[in-house]
1. Using the Cβ atoms and a cut-off under 14 Å, what net charge is assigned to the surroundings of ASP3, where Lys and Arg are +1 and Asp and Glu are -1?
2. Check cross-link reach from LYS324 to the lysines: straight Cα distance under 27 Å, and skip same-chain residues fewer than eight apart.
3. What ranking do 118-129, 341-352 get when scored by the average of other Cβ atoms within 10 Å per residue, highest first?
4. How big is the Cα convex hull of the range 5-114 in projection, averaged over all directions, in nm²?
5. What is the distance, in nm, between label points placed 7 Å from the Cα along the Cα-to-Cβ direction at LEU161 and at THR440?
6. Normalised by the number of residues in the chain, what is the relative contact order in percent for Cα pairs under 8 Å and 6+ residues apart?
7. Helix check for the chain. Which DSSP H runs span at least 30 Å along their own axis by Cα, with a mean Kyte-Doolittle hydropathy no less than 0.0?
8. Give me the extension gain from GLU135 to ALA372: residue separation times 0.36 nm, minus the current Cα-Cα distance, reported in nm with one decimal.
Amino acid sequence: MTDTIFAPATAPGRAAVAVVRMSGPAVRPALRALAGGVPRARRAALRTLRGAAGEALDQALVLYFPAPDSYTGEDVAELQLHGGPAVVAAVIAALAALGLRLAEPGEFTRRAFEHGKLDLAQAEGVADLVEAETEAQRRQALEQVGGRLSDVQARWSEGLLEALAMLEAAVDFPDEEVPADVASRARPALEQLVAELDAAAADAERGERVREGYRIALIGAPNAGKSTLLNALAGRDAAIVTATPGTTRDIIEVPMVLAGYKAVLADTAGLRETGDEIEAEGVRRARAWAAGADLRLWLVDGASDETPAVPMELAPNDLCVVTKRDLPVGRAGAWAAQQARRLRLGVAELTARGPGDLAWLRATLEERVVEALAGAEPPAATRLRHQEILNEAADRLRSALRHDEHLELAAEDVRLAARALDRITGRIDPENVLGRIFATFCIGK
């Protein structure tokens, strides 16, 4: 990497301060040209920034971090500008005129990774920390940046190396003075590692849901009150509410914070048979979203005498919500309660116009979210990528444990498990995988 990059590190728009970052071998010449000199390392200096013709662009605080003691491991500088869009645009144009290149998304963090300042799991934590919207996401991302997964992976790898040494000793030196049971000594360690990898892979699903949000689907027949309830919980008119059945055609997702965790509440098309092609596609999407949700709320119009079909997507511990309890009671509510008990669903009656009912439902949803996502500590693995690697490594070790009579095959499986775990921290990730990961970062990070 011989080019020098730059990018705004703060969001566009009017602000008191905007930060522009630079990284690469031409940082010092750029500072001399733009700021009249290079400040002392890690000391803020007030400088007038000037363009190529000598015109003043802004008065800014300039900081310089020499390699290798910087975020990227290269020479790095930060320009703390006044936050007007015209100021930022002028400074960016001046940097481009000096031959610096606008950074790609995640390029600063990728350079930090490639210079050994952090591993891939920590880099993913940086991205999560930037994107964190809730307290739970912040805690989880901070643990990742601090090296929680990396430390656990290092311990697993050390255990695999010890087991591999025992197996290879039995294979390579069968006639030497090696204990006869040296290979069997590896079995307890491998069995323990399999259990730990399986547990971490299962916990990765929790980490992924903390990142992406706990998904709650509102499902039911048309006019059951789904859109009304969505608006009431969201505190705004997110969905159109009319008396016309089939008003909601597409999925309407509303992000929420429940007990410090991100949740996504979705209003879906009313479930019914229809000849309308557009509405039928809405029903198909509703069923697909509900099937992948963490919790489904089956809404039934308690004032209706028509009994709706029971959604096939329901699972035990979902909720049956009988709506419109402020209206005269129809047959549908009692029928739905019977069906709910048969399916082991929770049952509640409420009206979206009742503050007490809404407070109860919100508290119930918070309990469900905490039950699903909370733990004694944040999970070590937090992404689907981590989960897939952990499952692959565990499967390799299970294969190794089956090769009692073929120790050379067992040793190869252990070796492949270790290689899989190395992909967590990026030691052997191919270039295209790294490209996809860092492309998800924001520009300037």
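Nothing in this text is a laboratory measurement; each read-out follows from the coordinates by a stated rule. Please read all numbers here as calculations on a predicted model, not as lab measurements. As a convention, Cβ positions derive from the backbone with ideal geometry for all residues, glycine included, and neighbour counts pool all protein chains shown.
1. -2
2. Reachable lysines: LYS226.
3. 118-129, 341-352
4. Projected area, direction-averaged: 6.2 nm².
5. 2.9
6. For the chain, the relative contact order is 17 percent.
7. 148-172
8. Numbers: separation 237, 0.36 × 237 = 85.32 nm, distance 1.59 nm.
Extra length from GLU135 to ALA372 when fully extended: 83.7 nm.
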